[in-house]
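The structure appears right after this line, and notes come after that.
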C-alpha cells in the first residue's frame, strides 16, 4: 500500500473519503472527514490515506495534542484487518519521524477474534501497552429492526415503561428542532445542565459547536436534534447521529428544575422510533462506562441506559505506543501534574 498524509482535504478527496465512510456498516463520527473541526479542543488534525494501485483502501483521522501526543479515536477505517494493521504501523512511523512522544489508539471494532488477531500481529511488529482506565469504554446496542414500536416499548424495564407513560400523560411533546432559534434553546438547556453539574461550560462555546453540528446535519442529513416541550417550553433534548448501521445518542440534557418529569425516558423512546422509521437497524446509547464507581454520577447514567435492555458492546482496550523512550510515562506524568494543579 501507498500512504499519503494531509493536513487539509481537497473537495474531491473529502468526497472520496465520505463515500468510503458511508460504505462501511460500522463506523464512528470521529472518523468522518472534517468532523474534527467541530471538536471542543481545537487540536490540529492529520489524515493518513492508504491506496493500492490508485484504489482507496482505507484512511484514519489523527488528532495531534501539543505536538507531543497523537490520538486515534475509533479508527482506522478499512475493510480488511491486515490493511488496518499497516495503516497503524504507518501512523507509528510518521509520528516517530515528527518526534512525538506517544500514540494512543482506540479501535472502532468490538472485542473478538478480529480485534485479538490485530493486536497480536501488531504487537509482534511494534510493542505497545494497554491498561484498564476511564478512557476505555463500551456501549449498549439495542436492535430496532426486528421490533414494532409497541414491541420495542415492551422490551424496556417496567420502571422505564411506567416513566414513558407518565411523560405522555403529562402532555410532554417531542419534536425535531428546526432553525437557529430552537438550536439556541437546546444550547441554553444543555449549558444549564452542565453548570448544575459543576462542569465548565460556555454558552458561546457550546453554541458554536452545536450550531456547527446543526449545519453539518443540514448538509449530510444523518441525524437530528430532538427537543422535549412542556407547554411550549423546552425542558430536554437529545442529539442523535446516524453512522453506518447505528443511530448514536451523542449528547442531551434535561432541565434540573424539571426532574419531577421523566424527561429522558420519553426522549430516548421517541428518538428510537424516529431512527427505526429512518431504517437504521441499531440504537447506540453513546457509551457505557464499566469502571464507574457507585458514588459516581456516571453510575446512575449507566443504570438509566441499562433500563432499555440493550446488549453490551465492548471496545478493545486502548493501545499506548511509546514513540520515544519513556514517552508514555512522560505523558502520564504531565497529565497527573496538570490534574493536581487544576484541583488545588
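The values are calculated or read from the model by the stated rules, or taken from the named source; none is laboratory data. Bear in mind that the values here come from a model prediction, so they are computed numbers and not experimental data. Methodologically, a virtual Cβ is constructed for each residue, glycine included, from the backbone with ideal geometry; neighbour enumeration extends over all protein chains shown.
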Answer yes or no: is there a residue in the stretch 8-17 that is modelled with pLDDT of 95 or more, touching a helix residue (DSSP H, G or I) at 6+ places or on another chain (Cβ under 6 Å), outside any loop (DSSP other than H, G, I, E, B) and over 16 Å from residue 105 (Cα atoms).
no
Quick one: how many residues across the stretch 295-321 are under 10 Å from residue 141 (Cα atoms) and part of a strand (DSSP E or B)?
3
Kindly indicate the residue of the stretch 226-243 that is crowded, with 21+ Cβ neighbours inside 10 Å and within 13 Å of the chain's Cα centre (by Cα) and also farthest from residue 304 (Cα to Cα) among those meeting that condition.
243
Residues of the stretch 77-92 being part of a helix (DSSP H, G or I) and loosely packed, with under 13 Cβ neighbours inside 10 Å, in sequence order, are 82
For a quick check of your reading: which helices (runs of 4 or more DSSP H) sit entirely within the stretch 93-211 and have at least 3 residues that are surrounded by 14 or more Cβ atoms within 10 Å (Cβ to Cβ), modelled with pLDDT under 95 and in contact with a helix residue (DSSP H, G or I) (Cβ under 6 Å, 6 or more places away or on another chain)?
158-169, 179-196
May I ask you to verify whether residue 27 is touching a strand residue (DSSP E or B) at 6+ places or on another chain (Cβ under 6 Å), within 16 Å of residue 74 (Cα to Cα), part of a loop (DSSP other than H, G, I, E, B) and not assigned by TED's automatic domain parsing to the domain that holds residue 280?
yes
Filter the stretch 5-20 down to residues that are in contact (Cβ under 8 Å) with a residue 24 or more places away in the chain and surrounded by 12 or more Cβ atoms within 10 Å (Cβ to Cβ), then give me how many there are.
7
